[in-house]
Each structure stands twice: as structure tokens, then as C-alpha cells.
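See structure below.
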Amino acid sequence: MSVIVTCAGPQGKWNNYLGVRSHFAPVGQQREPLLHRTVRQLHETGEEIHITCPPGFKSEYSVDGCETHEVEGSSEFDSTRHLWDRSGRTLLMLGDVYFSDLALRKMFALGAQRRYIAFGRYSASRVTGCKWGELFAHSFWPNQFDMLDHNLQIVSQAKNRGINRPTGWMLLRSIQGTPMGRHIVKQQWFHEINDWTDDIDFPDDYANHPATRYNL
């Protein structure tokens, strides 16, 4: 199994808040960098961990016990394609997400079902007050690579037609066979996580998350 923590995306929403990239936002009373906390949680699983980062940032993103890769690509899928596990499961996790221990346990357990699953929150967050849904991770197996590539091509074509939505959500909608611009999830492909797990995209997300005030 390969666990890939993706940290190569743009930081425009974060805007260098606190003087660090969002993946290093301090959380808990110990002010542990967010990415370091995620890696610490993942080390307990004993799985192979990869971290992706933008070109020129490898030393900053190097964490003990992980392989760090400088990548380029239009999405977390394009930039990690060469890291997908060809013999077992791939768990693709967003690096600016605060994951609860329970969420990680669910992701590891449900992924054994050998189907594509998107893990996320369908609607508003009861933690940060974020008004929209978020995707946190994707789980898939080698026999789904062709399906993913096919639907990512459909997503690319939709973006070229001016449908500008996050790639993960568009991929899920393409796999489901639902309209790209409509917020619909089907339980066959989506698992709800609605706890302390949340995306730290904006400074307000960080300020509103309990992990910035308590040792969670």
C-alpha cells in the first residue's frame, strides 16, 4: 500500500498566513506543524508514506520516514500518477487537512473493500463554519487506474469548456455519472466524514478550528 500526502498545490487561499505554508500551520498545544502531525498518525499504520511538494521545496517537506517528491501537475492526480501503487492500494490524502484519528481508522478500514472511495464532507462544517463540502482523500486499487484515467480526461475536457470546480469533486461526479456542476454524491463512491477532520485552506479555517486552541 502507498499513502501519498499531496502538498504541491497552490497556496493562494492561504496567502502565507503565519509566515508558513498551510501544511505547516501549528496545531494543538504543542504547536505541531499540521503535516508532521499527519505523518506521525500515519507512521502508526506501518504503511509506506510519500509526500509531494512543489519544485524547490524538497528540503522543507522532508520528514523522517517518508519519501519526498518534487512534482508538477494540474491536479493531485496528475502530479502523483507515477506514485500510485501498482500492486496494492493507493490512499491519496490532501496535505492541508486536519485528520481525526477516527477518520484515519475509517479510511484505512473501508479502503480494503477494493473499490474507489472518495472520503469527505458533503455539506457545511460543524467545526470551522465552512459553508461548503470538502474532499479529504481518495482510495483506489490498480484495477481502477484505467477508470480513473478515463474520467480524469473527461474532467479535463469539462474544465476546457469552462466548468471550474475542484478536480476531486469533478472526478467523483464523472465516476458517478452525475452533472459536473451539480453537488451530488452517491454512497457507492463516497464516504461521509463529519467530525474534527477539515481542510485548512483559508486563514479563517485555521482560526475557527478547535485544534488551533486545544490539544486535539
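The values are calculated or read from the model by the stated rules, or taken from the named source; none is laboratory data. Fair warning: this is a prediction, and the values are worked out from it, not measured in the lab. Using ideal geometry, Cβ is built from the backbone for each residue, glycine included, and neighbour counts are taken over all protein chains shown.
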Point to revise | Residue list for the range 52-73, restricted to those being outside any strand (DSSP E or B), polar (S, T, N, Q) and in contact with a strand residue (DSSP E or B) (Cβ under 6 Å, 6 or more places away or on another chain) | key: S62
Check your understanding: So, in the range 23-38, of the ones that are closer than 16 Å to T197 by Cβ and touching a strand residue (DSSP E or B) at 6+ places or on another chain (Cβ under 9 Å), which residue ends up surrounded by the fewest Cβ atoms within 10 Å (Cβ to Cβ)?
Key -> R37
Point to revise | Residue list for the range 74-106, restricted to those being out of contact with any His (no Cβ under 7 Å at 6 or more places or on another chain), in a helix (DSSP H, G or I) and closer than 21 Å to S59 by Cα | key: S79, T80, H82
Exercise for review: Working carefully through the options T128, T80, find the one that is of a type in the set (S, T, Y) and closer than 21 Å to T167 by Cβ.
Suggested key: T80
Check your understanding: Looking at L152, L102, L148, L171, which one is among the hydrophobic types (A, V, I, L, M, F, W, C), loosely packed, with under 14 Cβ neighbours inside 10 Å and in contact (Cβ under 8 Å) with a residue 60 or more places away in the chain?
Key -> L102
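Residues checked against (1) among the aromatic types (F, W, Y); (2) under 18 Å from the mean Cα position of the chain (by Cα); (3) closer than 16 Å to L42 by Cβ:
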| residue | (1), (2), (3) |
| --- | --- |
| T90 | no, yes, yes |
| M93 | no, yes, yes |
| D96 | no, yes, yes |
| F99 | yes, yes, yes |
| A118 | no, yes, no |
| K131 | no, no, no |
| E134 | no, yes, no |
| Q144 | no, no, no |
| T167 | no, yes, no |
Review point. Within the set of pairs 6+ apart or on separate chains, which have a first residue in the range 1-20 that is closer than 14 Å to L92 by Cα and modelled with pLDDT of 95 or more, a second that is aromatic (F, W, Y) and in a helix (DSSP H, G or I), and C-beta atoms under 7 Å apart?
Key: C7/Y61
**Study point:** Verdict on G120 being crowded, with 19+ Cβ neighbours inside 10 Å and assigned to a strand (DSSP E or B)
**Key:** yes
Practice item. Restrict the check to the range 107-116 and report whether at least one residue is buried (at least 18 other Cβ atoms within 10 Å of the Cβ), outside any helix (DSSP H, G or I) and in contact (Cβ under 8 Å) with a residue 24 or more places away in the chain. Key: yes
Revision key, fill the gap. Those residues of the range 181-216 which are of a type outside the set (D, E, K, R), farther than 28 Å from A112 by Cα and surrounded by fewer than 21 Cβ atoms within 10 Å (Cβ to Cβ) amount to G181, F202, P203, A207, N208, P210, T212, Y214, N215
**Study point:** Residue, nearest to T167 (Cα to Cα), within the range 16-51, restricted to residues that are of a type outside the set (V, I, T), touching a helix residue (DSSP H, G or I) at 6+ places or on another chain (Cβ under 7 Å) and in a loop (DSSP other than H, G, I, E, B)
**Key:** A25
